[in-house]
Amino acid sequence: MKAMVLNRVCSLVENKSPLEMADLPDPVPGDREVLVKVLTCGVCHTELDEIEGRTPPPRFPVVLGHEVVGRVEDRGKEVRVFEIGDRVGIGWIHSACKKCTHCLAGDENLCEHFKATGRDANGGYAEYLVVSEDFALKIPHVFSDLEAAPLLCAGAIGYRSLRLTGIKDGQYLGLTGFGASGHLVLKMARHRYPHSKVFVFARSERERDFARELGAAWAGDTDQESPERLDSIIDTTPVWKPIVEALKNLKAGGRLVINAIRKEEVDKQYLLRLDYPAHLWLEKEIKSVANVTRRDISEFLELAAQIPIMPEVEEFSLLEANRALMELKERKIRGAKVLRIDGSLV
Ligand SMILES: [Zn+2]
Ligand SMILES: [Zn+2]
């Protein structure tokens with residue numbers, strides 16, 4: 001099969017074509033696995049973290065891509081759920097042990113044996129991949145192959161963040177950072193918690209206007225004080241200042257949820273401004289969001305179909321994967337970038 005593979009960790013400043021087209025043997029499904037013919041695969045920021053070594057793949061070459069939509073083309077002899085021809089989605093979670101205390105409690109994202117699609121196992125920048133049928137998910141019909149792909153990641157992790165806030169309808173929610181994930185969370189929160197006011201902290205006036213348009217009760221700069229104390233705040237920024245500033249806006253017993261796979265070092269000094277009485281006293285909590293479970297992805301897809309959330313998509317061919325990644329790196333973003341893999345490569 002044709003695949004765009006990553007052969008080594010590298011700097012995207014020096015190498016603007018980190019992926020190379022390769023011919024790999026077609027994968028063969030194990031007894032409980034399905035062989036999936038890839039139709040589309042979303043391009044995510046996490047690929048940049050993998051390429052540049054912030055969350056490096058354990059072995060090379062590796063096929064990246066964890067927002068995969070495809071059709072079951074073949075199945076192992078013990079596969080029960082999926083038939084040949086079924087449309088399936090595969091997100092960041094490729095597998096977990098299913099036996100440890102985390103897995104049994106439904107927190108398979110925390111499993112010591114968690115494997116990520118497109119990092120620990122080959123992903124969707126290719127014509128085919130294999131996955132255990134337990135980790136392939138059904139996709140609501142309302143979404144096209146192109147629309148479904150980006151929903152499998154940012155939206156699902158945004159949904160998990162919202163779940164981890166523990167807020168109830170009527171309580172006050174804050175969002176610090178208002179990019180792709182933030183605006184999806186605002187839409188979800190407005191639908192799920194219609195009586196909750198949402199307060200948005202963002203650096204640019206354009207983002208603050210957009211937040212108000214989508215129904216935010218208030219929008220201000222990252223370091224501003226919100227007009228109300230908030231029950232929970234979700235942080236989706238890559239830096240530290242928003243964390244310190246958000247803590248002062250929490251109510252007693254409030255919770256800050258950090259949705260970031262890694263934080264950058266640039267402004268780490270800002271943490272020295274942390275003032276215990278103002279920022280942490282009175283049982284304020286900080287919680288990070290790690291990975292995603294199957295339940296998060298499935299529940300988010302259902303919710304996205306109801307609201308509905310229809311992502312704007314920009315289409316690329318598999319051969320254009322490097323260009324899509326570089327545009328993401330350079331923040332040339334006009335919608336979620338999705339590769340269409342149509343078999344015309346052979
Ligand atoms: Zn992703
Ligand atoms: Zn486990």
Exercise for the section: Please find, among R59, R87, R80, the residue that is basic (K, R), closer than 21 Å to L137 by Cβ and either free of Cβ contacts under 8 Å to residues at least 12 places away in the same chain or touching a strand residue (DSSP E or B) at 6+ places or on another chain (Cβ under 7 Å) (or both). Expected result: R87
Problem - Qualifying residues in segment 65-83 (those that are more than 16 Å from ligand 1 (Cβ to nearest atom) and closer than 27 Å to F316 by Cα) - the one surrounded by the most Cβ atoms within 10 Å (Cβ to Cβ) - result: G70
Practice task
Within segment 246-253, identify whether any single residue is part of a loop (DSSP other than H, G, I, E, B) and of a type in the set (A, V, I, L, M, F, W, C), and answer yes or no.
Solution key: no
Practice task
For residues that are among the hydrophobic types (A, V, I, L, M, F, W, C) and in a loop (DSSP other than H, G, I, E, B), scanning just segment 1-37, find the one that is surrounded by the most Cβ atoms within 10 Å (Cβ to Cβ).
Solution key: M1
Exercise for the section: Kindly list the number of the only condition in (1) charged (D, E, K, R); (2) away from ligand 1 (no atom under 15 Å from the Cβ); (3) over 29 Å from P25 (Cα atoms) that fails for R160. Expected result: (2)
Completion exercise
Taking segment 90-104 and keeping residues surrounded by fewer than 18 Cβ atoms within 10 Å (Cβ to Cβ) and either within 16 Å of ligand 1 (Cβ to nearest atom) or in contact (Cβ under 8 Å) with a residue 24 or more places away in the chain (or both) leaves K98
Practice task
Restrict the check to segment 163-171 and report whether at least one residue is out of contact with any Lys or Arg (no Cβ under 6 Å at 6 or more places or on another chain), of a type in the set (D, E) and within 19 Å of R294 (Cα to Cα).
Solution key: no
Handout entry: In segment 251-270, the residues that are touching a residue at least 40 places away in the same chain (Cβ under 8 Å) and buried (at least 21 other Cβ atoms within 10 Å of the Cβ)
Key = V257, N259
Exercise for the section: Enumerate the pairs (first residue in segment 143-166 and among the basic types (K, R); second residue anywhere and in a helix (DSSP H, G or I)) with beta-carbon separation below 7 Å, excluding pairs fewer than 6 apart on the same chain, so at least 6 apart or on different chains. Expected result: R160/D296
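The numbers here are math on the coordinates, done by the rules we state, and not lab data. Owing to the predicted nature of the structure, the values given are computational and were not obtained by experimental measurement. Heads up, the Cβs are rebuilt from the backbone with ideal geometry, glycines too, and the neighbour counts pull from every protein chain shown.
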